């Protein structure tokens with residue numbers, strides 16, 4: 001058993017011989033020990049597993065690792081600055097209390113950054129609410145997530 | 001009534017959370033993130049049937065599958081004399097007889113009683129291997145008729161879930177004075193009647209449950225990492241009642257936990273089985289639920305059918321309330337399943353009102369469904385829903401304004417003894433209502449309604465003036481009512497030689513932000529920066545024995561324990577300072593982080609006293625032990641009674657039945673507030689779950705086969721961002737009179753107050769069309785049917 005796969009995770013090239021059934025999220029969590037990417041539903045509904053693949057948000061629970069040969073993967077661990085300073089979106093989530101238990105948070109932050117990349121820095125409440133349709137949070141009622149995304153988007157100008 | 005003063009400056013500030021950096025950067029450590037050397041993986045084989053006899057299990061093919069280490073069934077647990085999962089609350093029925101407590105085996109013993117019931121566990125080298133082997137386990141079932149609805153279960157001839165519970169009845173329980181209530185109805189000017197369902201919910205914390213157990217043969221000790229809200233309770237129940245292990249040899253760690261909402265209070269079969277199996281296979285054993293398992297095996301919430309009657313005089317003054325509820329307990333008694341529809345429900349039926357006579361009966365049934373237990377609010381949302389729906393209906397029948405009927409009946413003098421056992425210490429219901437009406441701009445509602453009417457839309461306004469009993473609980477009272485555990489909390493303040501502090505609390509944070517709030521409490525009291533205080537929780541190996549987090553109890557009970565420990569720190573600090581300052585102990589004052597000789601400028605900072613305690617060169621060693629480390633246990637004198645007014649404004653499209661919440665306003669009285677930002681966040685989250693229940697969420701079983709029809713996020717409608725409005729929230733403060741912080745708790749209020757506000761608003765909107773009643777959730781189909789005058793009870 002085993003298939004070789006080589007991908008770039010948070011800027012680091014990784015080659016491994018894996019079970020071909022291994023999901024991208026399992027590769028990230030189990031093989032790379034990057035446990036910030038979470039599994040909330042394993043059916044691509046809740047979005048806790050959201051990562052960037054070549055710059056686009058992807059739900060890593062519903063894709064096989066071997067599909068991503070040569071791809072650039074960015075996880076929540078890969079978006080802060082070199083000295084650990086938070087990305088503007090991460091900082092906005094803290095400032096606006098956009099998280100409680102923290103479990104959906106990494107996926108939520110990744111989706112929010114993706115939203116800004118796709119729709120720009122000036123986002124209406126409705127655009128944010130609709131844009132986060134693929135991410136479920138059970139703690140916050142989304143009220144402060146919406147505020148955080150608005151603030152994070154504004155602070156991402158020029159980043 | 002001495003209301004505690006709102007204390008020092010760090011209290012009341014929206015301090016940004018200390019825990020957020022790790023959660024935002026991927027540094028959280030949840031149970032499934034923990035990996036131990038040599039770890040194996042468990043996969044549970046679950047019943048595909050709601051009710052069946054197990055005729056035979058053949059393990060041989062599964063045992064031969066690649067990577068399989070062991071396969072265990074109920075025969076193996078029985079051979080090791082494993083006990084059943086215990087119920088933590090003994091209810092006595094109307095005749096004083098104990099409830100029926102049929103066994104709850106961790107692995108099925110000859111019979112399965114709900115879809116998802118645990119039949120066997122496969123342990124393998126990898127998760128996929130365990131899951132593959134599960135396909136090879138041969139189980140022969142003799143499928144039996146199933147019953148999933150509690151009303152049906154109590155009828156003669158229904159399938160019997162347990163031999164030891166005739167007619168599927170666990171108990172018939174009552175509270176209140178029946179004769180006095182009957183007398184009140186006899187003199188009533190008008191009686192309002194209602195039949196309502198409180199829809200069954202599935203908690204759905206986004207972190208699925210997980211457990212990782214490790215047995216260390218060298219010292220015969222166990223370590224269990226588990227997604228749990230109360231690790232000491234988990235350990236006590238597991239060691240004393242199920243596995244018969246020495247408690248001191250078991251360490252339970254609930255690390256970062258991704259939401260609980262009640263569903264992670266309970267001792268579950270999987271936690272027990274992986275712990276037991278880790279010794280059998282002499283390897284760490286990890287189990288993590290997938291979402292489908294979570295739907296099938298996490299304890300569900302609510303599921304009541306109620307008939308209620310409210311007697312009034314000619315002015316709409318409440319004279320009596322009569323309630324009959326049928327509660328679904330599921331297939332087995334979950335840890336606190338028996339207490340939710342009784343003492344957490346019936347006791348709340350007075351609400352904010354002076355109703356002098358109340359009588360409630362609860363008929364609790366076993367069914368072939370997942371066990372039902374506490375879910376955010378636990379009994380209190382069910383009581384509030386009954387009461388606030390019937391009060392609004394009464395207002396319509398009496399031609400009174402929704403707010404006016406409430407005002408006429410508000411309790412205004414405290415303390416107030418209700419006819420259903422509780423003694424409210426304090427509250428100010430009228431001010432909350434006034435403030436909420438301003439926040440919701442009730443004055444402008446008629447104009448908004450008229451404007452909507454022009455667009456063909458129906459606007460409505462709905463009220464809910466709720467109360468809850470939190471801060472569980474005075475242990476002696478709870479014990480007298482059947483609780484099989486204490487309900488105190490523990491806190492330890494460990495001052496380090498340089499004056500920084502580690503706090504150990506028995507409370508557990510799974511989103512509530514204790515690491516920040518509790519640090520604020522300690523920092524304010526000791527006059528040190530919040531950054532100098534760390535809070536440790538969730539580890540029986542580190543904290544004193546505590547009871548954990550549920551029932552909005554953390555700050556009211558856990559915070560009080562910390563305050564008691566701080567009293568001891570301050571008292572000892574004064575003795576040390578008196579020695580250092582060569583003054584009498586009675587002359588020492590402690591304020592703003594300094595011990596001062598009263599009336600002088602002689603002082604020593606808190607850090608100086610701490611240093612002296614650990615480097616006791618100049619120290620009264622003849623009279624005082626070195627060190628500055630104090631533990632306290634706090635048992636509350638009463639429940640706390642958060643209360644408030646929630647007002648929903650909705651707009652309904654009568655053509656499609658689509659309901660939009662255009663405004664939601666909540667004014668809550670949580671007593672003193674430590675961190676307003678965190679409190680608002682708790683309210684938001686509760687509102688989302690309450691509005692979710694009212695508008696979207698519904699657990700549905702197939703009535704014949706007992707299959708769960710809403711077993712994924714494709715079928716169970718979780719509220720998503722676009723389903724919810726922004727909320728307007730505010731507070732009104734009457735400090736709790738009996739705990740040192742004057743706090744009441746805020747975790748559940750949103751989920752308790754909001755469902756009736758939403759439903760009342762929709763009924764208000766549609767009343768001109770003849771709609772008098774609606775059941776949750778308010779799906780467009782149901783609402784449309786109601787508008788058409790068609791039956792609304794659709795699956």
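The values are calculated or read from the model by the stated rules, or taken from the named source; none is laboratory data. Everything numeric here is computed off the predicted structure, so don't read it as measured data. Here the Cβ positions follow ideal geometry from the backbone for every residue, glycine too, while neighbour counts run over all protein chains shown.
Among the candidates B:323, B:285, the residue that is in the same structural domain as residue B:376 (by TED's automatic domain parsing) and touching a residue at least 24 places away in the same chain (Cβ under 8 Å) is uniquely B:323.
The rows are residues; the columns are (1) in a strand (DSSP E or B); (2) closer than 25 Å to residue B:382 by Cβ; (3) out of contact with any strand residue (DSSP E or B) (no Cβ under 6 Å at 6 or more places or on another chain).
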site	(1), (2), (3)
B:229	no, yes, yes
B:239	no, no, no
B:245	no, no, yes
B:252	yes, no, no
B:308	yes, yes, no
B:319	yes, yes, no
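Restricting attention to region B:14-24, does a residue exist that is modelled with pLDDT of 95 or more, surrounded by fewer than 17 Cβ atoms within 10 Å (Cβ to Cβ), within 14 Å of chain A (Cβ to nearest Cβ) and farther than 30 Å from residue B:522 by Cα? No: zero hits. All conditions but one from (1) surrounded by fewer than 23 Cβ atoms within 10 Å (Cβ to Cβ); (2) more than 10 Å from chain A (Cβ to nearest Cβ); (3) over 22 Å from the mean Cα position of the chain (by Cα) apply to residue B:717; the one that does not is (3). Within the span defined as region B:28-43, every residue fails to be touching a helix residue (DSSP H, G or I) at 6+ places or on another chain (Cβ under 6 Å), farther than 29 Å from residue B:258 by Cα and crowded, with 20+ Cβ neighbours inside 10 Å.
Please verify whether residue A:26 is modelled with pLDDT of 95 or more, under 26 Å from residue A:145 (Cβ atoms), facing chain B (nearest Cβ under 9 Å) and in contact with a helix residue (DSSP H, G or I) (Cβ under 9 Å, 6 or more places away or on another chain), treating the condition exactly as stated.
For residue A:26, the condition - modelled with pLDDT of 95 or more, under 26 Å from residue A:145 (Cβ atoms), facing chain B (nearest Cβ under 9 Å) and in contact with a helix residue (DSSP H, G or I) (Cβ under 9 Å, 6 or more places away or on another chain) - is not met.
Among the residues making up region B:111-139, those that are part of a strand (DSSP E or B) and farther than 9 Å from residue B:65 by Cβ are B:111, B:112, B:118, B:119, B:120, B:121, B:123, B:138, B:139. Looking across A:84, A:107, A:134, one residue alone is buried (at least 24 other Cβ atoms within 10 Å of the Cβ) and either within 11 Å of another protein chain (Cβ to nearest Cβ) or in a helix (DSSP H, G or I) (or both). It is A:107. Tell me, yes or no, whether region B:77-92 has at least one residue that is closer than 30 Å to residue A:27 by Cα and either surrounded by fewer than 18 Cβ atoms within 10 Å (Cβ to Cβ) or within 14 Å of another protein chain (Cβ to nearest Cβ) (or both). Scanning region B:77-92, I find no residue that is closer than 30 Å to residue A:27 by Cα and either surrounded by fewer than 18 Cβ atoms within 10 Å (Cβ to Cβ) or within 14 Å of another protein chain (Cβ to nearest Cβ) (or both), so the answer is no. Selection of region B:393-406 for residues being closer than 11 Å to residue B:433 by Cβ and buried (at least 17 other Cβ atoms within 10 Å of the Cβ) yields B:402, B:403, B:406. Report yes if some residue within region A:48-55 is facing chain B (nearest Cβ under 10 Å), within 15 Å of residue A:106 (Cβ to Cβ) and crowded, with 24+ Cβ neighbours inside 10 Å; otherwise report no. Yes, region A:48-55 contains a residue that is facing chain B (nearest Cβ under 10 Å), within 15 Å of residue A:106 (Cβ to Cβ) and crowded, with 24+ Cβ neighbours inside 10 Å.
Conditions tested, residue by residue: (1) surrounded by fewer than 24 Cβ atoms within 10 Å (Cβ to Cβ); (2) in a helix (DSSP H, G or I); (3) in the same structural domain as residue B:433 (by TED's automatic domain parsing).
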| site | (1), (2), (3) |
| --- | --- |
| B:667 | no, no, yes |
| B:677 | yes, yes, yes |
| B:682 | no, yes, yes |
| B:685 | no, yes, yes |
| B:688 | no, yes, yes |
| B:694 | no, yes, yes |
| B:699 | yes, no, yes |
| B:705 | yes, no, yes |
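A single entry from B:336, B:318 fulfils the requirement of being at pLDDT 95 or above and farther than 27 Å from residue B:104 by Cβ: B:318. Within region A:137-159, if we keep just the residues that are part of a loop (DSSP other than H, G, I, E, B) and free of Cβ contacts under 8 Å to residues at least 24 places away in the same chain, the residue that is nearest to the chain's Cα centre (by Cα) turns out to be A:142.
Filter region A:87-104 for residues that are in a helix (DSSP H, G or I) and facing chain B (nearest Cβ under 7 Å) and give the result. Within region A:87-104, A:90, A:93, A:94, A:95 meet the criteria. Filtering region B:263-299 to residues that are within 14 Å of chain A (Cβ to nearest Cβ), in a loop (DSSP other than H, G, I, E, B) and over 17 Å from residue B:85 (Cα atoms) leaves B:289, B:290. Taking the criterion of being in a helix (DSSP H, G or I) and surrounded by 18 or more Cβ atoms within 10 Å (Cβ to Cβ), the residues of region B:140-169 that qualify are B:150, B:153, B:168.
Reported count of residues in region B:170-199, each being within 24 Å of residue B:343 (Cα to Cα) and assigned to a strand (DSSP E or B), is 13.
Every condition in (1) more than 20 Å from residue B:241 (Cα to Cα); (2) under 29 Å from the mean Cα position of the chain (by Cα) is met by residue B:89 except one, and the failing one is (1). Using the structure shown, decide if residue A:35 is touching a helix residue (DSSP H, G or I) at 6+ places or on another chain (Cβ under 9 Å), crowded, with 22+ Cβ neighbours inside 10 Å, facing another protein chain (nearest Cβ under 8 Å) and without any contact (Cβ under 8 Å) to a residue 40 or more places away in the chain. Against the criterion (touching a helix residue (DSSP H, G or I) at 6+ places or on another chain (Cβ under 9 Å), crowded, with 22+ Cβ neighbours inside 10 Å, facing another protein chain (nearest Cβ under 8 Å) and without any contact (Cβ under 8 Å) to a residue 40 or more places away in the chain), residue A:35 qualifies.
A count restricted to region A:60-70 and to residues that are more than 12 Å from chain B (Cβ to nearest Cβ) and crowded, with 19+ Cβ neighbours inside 10 Å stands at 3.
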